[in-house]
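Trainee: Please read through the structure below; I'll follow up with questions.
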Amino acid sequence: MQEAALRRQQNEEQEQDAEARNLVWNPEVDAVDLDADAEGEDDPDYVRQKDGSFLRVSDSHTLIPLGIRNEAGVIEAIPVTEKEEAVYGGEHEVTPMHLSDLVREFSEEKNLTLQLEAERANP
């Protein structure tokens with residue numbers, strides 16, 4: 001008896017929660033099914049660059065809601081907005097990929113500093 005009453009109460013709470021929610025998702029899609037590649041296979045979400053790094057080209061793991069339920073219970077599609085091109089300002093900084101790049105960069109800066117000091121000492 002107590003178990004039946006508890007289940008009835010949980011069911012009522014779930015129905016109230018469902019009525020309060022207005023964002024509608026596809027109940028048939030499972031996030032695990034979205035990952036098309038198997039273990040050890042190349043991931044179609046990434047493309048190898050010439051320098052050996054990987055660039056993410058898509059995200060097949062992103063779930064997209066179907067729409068929004070209005071007060072009448074009708075599901076309305078979410079309007080899609082075009083993304084604007086992002087413009088970034090400032091100086092482009094190159095990050096060293098290997099320790100040898102960092103050592104070479106430090107050596108070049110040290111040599112430049114020594115040359116400037118020598119030029120100042122002997123005008």
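Trainee: In segment 84-101, which residues are of a type outside the set (A, V, I, L, M) and surrounded by 10 or more Cβ atoms within 10 Å (Cβ to Cβ)? So that I can check it myself, show each step before the final result.
Mentor: Taking segment 84-101 and keeping what is of a type outside the set (A, V, I, L, M), we get 84-85, 88-93, 95-96, 98, 100-101.
Those that are of a type outside the set (A, V, I, L, M) and surrounded by 10 or more Cβ atoms within 10 Å (Cβ to Cβ): Pro96, Asp101.
Trainee: If you go through segment 88-102 one residue at a time, how many are at pLDDT 80 or above and either in a helix (DSSP H, G or I) or within 16 Å of Asp51 (Cα to Cα) (or both)?
Mentor: Result for segment 88-102: 8.
Trainee: Same structure, new question: Name the single residue, out of those in segment 43-53 being at pLDDT 80 or above and of a type outside the set (S, T, N, Q), that is surrounded by the most Cβ atoms within 10 Å (Cβ to Cβ).
Mentor: Initially, segment 43-53 is screened for residues at pLDDT 80 or above, giving 47-53.
Pick out the ones that are also of a type outside the set (S, T, N, Q) and you get 47-48, 50-52.
On the way: Val47: 13, Arg48: 10, Lys50: 5, Asp51: 6, Gly52: 7.
Within segment 43-53, the match that is surrounded by the most Cβ atoms within 10 Å (Cβ to Cβ) is Val47.
Trainee: Could you tell me whether any residue of segment 104-121 is among the charged types (D, E, K, R) and in a loop (DSSP other than H, G, I, E, B)? Walk me through how you get there before you give the answer.
Mentor: Here is the first cut: in segment 104-121, the ones among the charged types (D, E, K, R) are 104-105, 108-110, 117, 119-120.
Narrowing further to those that are in a loop (DSSP other than H, G, I, E, B): none.
Within segment 104-121, none of the residues are among the charged types (D, E, K, R) and in a loop (DSSP other than H, G, I, E, B).
Trainee: Could you go through segment 62-77 and let me know if any residue there is free of Cβ contacts under 8 Å to residues at least 60 places away in the same chain, exposed (fewer than 10 other Cβ atoms within 10 Å of the Cβ) and not in a loop (DSSP other than H, G, I, E, B).
Mentor: No: segment 62-77 contains no residue that is free of Cβ contacts under 8 Å to residues at least 60 places away in the same chain, exposed (fewer than 10 other Cβ atoms within 10 Å of the Cβ) and not in a loop (DSSP other than H, G, I, E, B).
Trainee: Looking at Leu23, is it touching a strand residue (DSSP E or B) at 6+ places or on another chain (Cβ under 9 Å), at pLDDT 70 or above and among the aliphatic types (A, V, I, L, M)? If you could, list the steps in order and put the result at the bottom.
Mentor: Values: touching a strand residue (DSSP E or B) at 6+ places or on another chain (Cβ under 9 Å): yes; at pLDDT 70 or above: yes; among the aliphatic types (A, V, I, L, M): yes.
Yes, satisfied.
Trainee: Spot the failing condition for Thr81; the list is (1) exposed (fewer than 10 other Cβ atoms within 10 Å of the Cβ); (2) over 30 Å from Arg21 (Cβ atoms); (3) not aliphatic (A, V, I, L, M), and only one is missed.
Mentor: Every listed condition holds for Thr81 apart from (2).
The values are calculated or read from the model by the stated rules, or taken from the named source; none is laboratory data. Just so it is clear, the model here is predicted, and its values are computed rather than measured. Backbone-built Cβ (ideal geometry, glycine too); neighbour counts: all protein chains shown.
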